[in-house]
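Below is one structure, written out as structure tokens, with a few remarks after it.
The values are calculated or read from the model by the stated rules, or taken from the named source; none is laboratory data. It should be emphasised that the depicted structure is a prediction, and the values quoted were computed from it without experimental measurement. Glycine gets a Cβ as well: all are built from the backbone with ideal geometry, and neighbour counts include every protein chain shown.
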Amino acid sequence: MANRVRPIVVSERDRQTLEHLHRAPSTPGGLSRRARAVLLMAQGVPGVEIAERVGYTVVQISRLRRRFAEQGVAGLHDHPRSGRPPTITARKRAQIVALTLKRPAPGLTHWSTRDLARKAGVSHGTVHQIWRAHALQPHRVSTFKFTTDPDAEDKIYDVVGLYLNPPTNAVVLSLDEKTQIQALSRTQPLLPLRPGLPARQTHDYRRHGLTSLYAALEISSGRVIGDCTPRHTGADFLSFLKRVARRYRDHELHVVLDNSSTHSTPAVRAWLDEHPAVHFHFTPKGASWLNMVEAWFGILTRKSVRRGSFDTVRALIRHIEAYIADWNSHPTPFVWTKDPAAIVTKAVRRGR
């Protein structure tokens, strides 16, 4: 006599649920296998073949068939395990949160899950779960800075006003210098990118000297004028400024600068007096990030300098000049979006 098999009837709704459980990456492995087994049962696949496909025994397939017939999809989920479930009282949770927010033990700068677990008398997994539930991340730290410039608010409105509403028939430039760019050569050639492997370079390197880059970013177009010099003195800055002024000799110039001492030497001030069409706009002290060319310097570092290998300073300079030429072939202007009032609120410390 042939063995009788309990028929499996799967509704369309249950079929959709089972297919989701089988395919969803968030489904636990055991539940996914059980859902696949029931789908095969619904297709009339024999139990022996199902067991081979999903890695179960025939007895397990028989039990699973019975669980689904009696309980439906709910019967496929894991049963509660034996033993006493872990219990963390609300008071203990509050204690762990309070300890996390307090200064840790002497010698530590911040809590780790294991340090706090020993202090609170729980497992480090419990501490981790409580931290996640309360969005606590003691391992992370962010920085902030207030400007101490007494004229910070006026300077912020002045500089951001140039970005958002530049004067008619005038050119706005963001100008600064990136100092001490190192010409470094790796001790071994770069290993190029391969499928499954990133490009690789040696950790050690040789130093071949420094250069400083003066750059002026044209706010409206994104074009950059750059010049590399061996030093960054007031005379070097003035030489670059004269070059920029000749480039825009037929325009009124508004130049955004930080508070470097080289930008305010007597020679620079005398030159400004002789060229009334050139106007300086200084960022607040301690807020050079307000100078938009700093964003371009960051792109230059990431895309051109950091991973380069240069045997001479001249090779480094040629590399930077090539990058500037390529940038200017398809310049990308930066768009300032932050309202000056919001910047004042976050960057200017009011009286205590």
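Just a few scattered comments:
- Boolean, V172 is modelled with pLDDT of 90 or more, more than 28 Å from the chain's Cα centre (by Cα), assigned by TED's automatic domain parsing to the domain that holds T229 and outside any loop (DSSP other than H, G, I, E, B): yes
- Taken together, the residues in the stretch 259-280 that are surrounded by 13 or more Cβ atoms within 10 Å (Cβ to Cβ) and under 18 Å from D149 (Cβ atoms) amount to 5.
- Count of the stretch 122-132 residues which are within 23 Å of the chain's Cα centre (by Cα) and either at pLDDT below 90 or hydrophobic (A, V, I, L, M, F, W, C) (or both): 1
For (1) of a type in the set (S, T, N, Q); (2) touching a Phe, Trp or Tyr at 6+ places or on another chain (Cβ under 7 Å); (3) assigned by TED's automatic domain parsing to the domain that holds V256, each residue gets a yes or a no:
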site	(1), (2), (3)
G209	no, no, yes
G222	no, yes, yes
H232	no, no, yes
S239	yes, no, yes
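- The residue of the stretch 231-258 that is surrounded by the most Cβ atoms within 10 Å (Cβ to Cβ), among those that are without any contact (Cβ under 8 Å) to a residue 60 or more places away in the chain and outside any helix (DSSP H, G or I), is H232.
- Some residue of the stretch 155-164 being under 24 Å from I320 (Cβ atoms), assigned by TED's automatic domain parsing to the domain that holds S221 and of a type in the set (A, V, I, L, M, F, W, C): no
- Some residue of the stretch 272-282 being in contact (Cβ under 8 Å) with a residue 60 or more places away in the chain, part of a loop (DSSP other than H, G, I, E, B) and either within 22 Å of C228 (Cα to Cα) or in contact with a strand residue (DSSP E or B) (Cβ under 9 Å, 6 or more places away or on another chain) (or both): no
- Residues satisfying the criterion are present in the stretch 301-308 (criterion: basic (K, R) and free of Cβ contacts under 8 Å to residues at least 12 places away in the same chain).
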